[in-house]
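The values are calculated or read from the model by the stated rules, or taken from the named source; none is laboratory data. Keep in mind the model is a prediction, meaning the values are calculated, not measured. Here the Cβ positions follow ideal geometry from the backbone for every residue, glycine too, while neighbour counts run over all protein chains shown.
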Amino acid sequence: MAFPEGFLWGGATAANQYEGGWDEGGKGPNTSDALTNGSHTVPRRVTWRNPATGETGSTGMGFGAPMEVPEGAEVAIIDGEYYPSHTATDFYHHYKEDIALMGEMGFKCFRLSMNWARIFPNGDDAEPNPEGLAFYDAVFDECAKYGIEPLVTLSHYETPLHLTNAYGGWKSRACIEPFVRYATTVMKHYLGKVKYYLTFNEINMMSHAPYMGGGLVDQSPQAKAQGAHNQFVASALTVKAAHEISPDIKVGQMLAFGPTYPYTADPADDLLVMEREHDTLWYSDVQTGGYYPAYRLKEMERQGIELEMEEGDLDLLATYPADFLSFSCYGGSTVTTHPEDAGVEGGNFTQGVSNPYLETNAWGWATDPYCLRLTLNKLYDRYRKPLWIVENGIGWSDVKEADGSVHDDYRIDYLRKNIQSMKDAIEIDGVDLMGYTMWGCVDLVSCGTGEMRKRYGFVYVDRDDEGKGTLERSRKDSFYWYQKVIATNGEDLS
């Protein structure tokens, strides 16, 4: 068999898109709780309030539209706005049902994120919230009933709102100590229940979506670079704490990465590919490799960026790199220095031009049958550490039929090609791959657009873009297909 015994098949979710219960059980507000819905053509917005004048308004979040919060105003939740994260698809009240469905599929692993503000409502509280700890205790106990290993992301596109309004989010080193206290608290509390952790989801989104990635309102190059450095330090300190708590705990990096293709054979296009990959790989060079690469140091020098570092920061990064490297990969990007000869820009988080060799859906997403093998080889050759695909999937406007069925052959076809790609990386290339957790295993709110109609899961949830619906769960055709894949350890992809 290509896939090793004990391979961790499963699915992935994020609290801000799935959990709900935003103000229940002592949870505090976070940055995602102030993020409205949007669409494929209308960017999501962040709402704000001026405490002195009472004036309210909204702004772009810096991804698709600039972020401009007036002086004196704070990010805030405003009455009358619709915030998808507040209920999402309500895992908070449906966790037993959802985990039972995962157990029925045969999941070996469930990647979920914990809400930092559910454990420490302000982010920097002296003591944790016991109700928050109890909720995740119940979740992990439910996973154990079905033999499902949790993979916990400590911060997935949410920062406690107090840390953004008081300190400017992760551009301030004031966030490091509270995060390490949070990480240490949960690693000790859930010792024996959780052994795999990720620190920050898609840490390289600090460059592209810094409000989501680090709670940044100031989105200058200096602030983004400093925010990334502070998260690197916090991650290294978390690895250090994990190793002191138990040798069984492993802490990984999470990177958004996929192959970048040149549109033409012009060497200038290949050079552009290298530059685009450098934009991402410097993050893993630091967090997994343990050092700032020369190309990134030169880039910061050109931009006039001077990092605030404390003595020992670089030694800390070198001594406590990530134990493994996890990543999201939905497909590749295509770039060119000849845009006049190419098609329109790619969809979702990809940047570049259309690839004429790939099929795309309504959101501009391409099905790329080689992206996982190419990505796995590039990352394994570069770092020689275990890898884990923790996000891969496709958003589609699924239709629930009158009999309750959902026919999603397009998702099965996408997953079949992607699983074959990673199978080849293991069987042919010898890549060390720990597991695969398909993104959005139960339908959840789209991160990029805030929509529900762009669905990802094996399980359909009755919820629409306005927050209406019964929240009833229904199995899609892909549910049964993935059940068979897991049962055969990836051998039967028919």
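Across the stretch 230-254, what is the number of residues that are β-branched (Val, Ile, Thr), surrounded by 19 or more Cβ atoms within 10 Å (Cβ to Cβ) and part of a helix (DSSP H, G or I)?
3
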Task: Filter pass, Leu154 being in contact with a strand residue (DSSP E or B) (Cβ under 6 Å, 6 or more places away or on another chain) and either of a type in the set (A, V, I, L, M, F, W, C) or touching a residue at least 40 places away in the same chain (Cβ under 8 Å) (or both) - done: yes
- [ ] Please work out if Tyr482 is part of a helix (DSSP H, G or I) and either surrounded by fewer than 21 Cβ atoms within 10 Å (Cβ to Cβ) or modelled with pLDDT under 95 (or both).
- [x] no
TODO: Any residue in the stretch 133-147 that's at positive phi: show its pairings with residues that are part of a helix (DSSP H, G or I) at Cβ separation under 8 Å, as long as the two are six or more apart or on different chains.
DONE: Gly147/Gly103
Task: Identity of the residue in the stretch 403-447, among the hydroxyl-bearing types (Ser, Thr, Tyr) and surrounded by 15 or more Cβ atoms within 10 Å (Cβ to Cβ), that ends up farthest from the chain's Cα centre (by Cα) - done: Tyr410
Open item on the list: Taking the condition of being aromatic (Phe, Trp, Tyr), under 27 Å from Ile148 (Cα atoms) and out of contact with any strand residue (DSSP E or B) (no Cβ under 7 Å at 6 or more places or on another chain), how many residues in the stretch 67-110 meet it?
Closed with: 3
Task: Enumeration of residues in the stretch 255-311 that are touching a Pro at 6+ places or on another chain (Cβ under 6 Å) and either among the basic types (Lys, Arg) or part of a helix (DSSP H, G or I) (or both) - done: Asp269, Asp270, Val273, Trp282, Asp285, Gln303
- [ ] Those residues that are surrounded by fewer than 24 Cβ atoms within 10 Å (Cβ to Cβ) and of a type in the set (Lys, Arg), I need them from the stretch 1-47; list them, please.
- [x] Arg45
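Residue-by-condition table, conditions (1) in a loop (DSSP other than H, G, I, E, B); (2) under 30 Å from Ile486 (Cβ atoms); (3) among the aliphatic types (A, V, I, L, M); (4) touching a residue at least 40 places away in the same chain (Cβ under 8 Å):
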site: Glu81; (1), (2), (3), (4): yes, no, no, yes
site: Ser85; (1), (2), (3), (4): no, yes, no, yes
site: Thr89; (1), (2), (3), (4): yes, yes, no, yes
site: Tyr92; (1), (2), (3), (4): no, yes, no, yes
site: Lys96; (1), (2), (3), (4): no, yes, no, yes
site: Leu101; (1), (2), (3), (4): no, yes, yes, yes
site: Phe107; (1), (2), (3), (4): yes, yes, no, yes
site: Leu112; (1), (2), (3), (4): no, yes, yes, yes
site: Ala117; (1), (2), (3), (4): no, no, yes, yes
- [ ] Read through the list (1) under 22 Å from Val286 (Cβ atoms); (2) surrounded by 19 or more Cβ atoms within 10 Å (Cβ to Cβ); (3) not hydroxyl-bearing (Ser, Thr, Tyr), then give the number of the only condition that Gln222 fails.
- [x] (2)
Task: Test: Lys385 is out of contact with any Asp or Glu (no Cβ under 7 Å at 6 or more places or on another chain), at pLDDT 95 or above, among the basic types (Lys, Arg) and in a loop (DSSP other than H, G, I, E, B) - done: yes
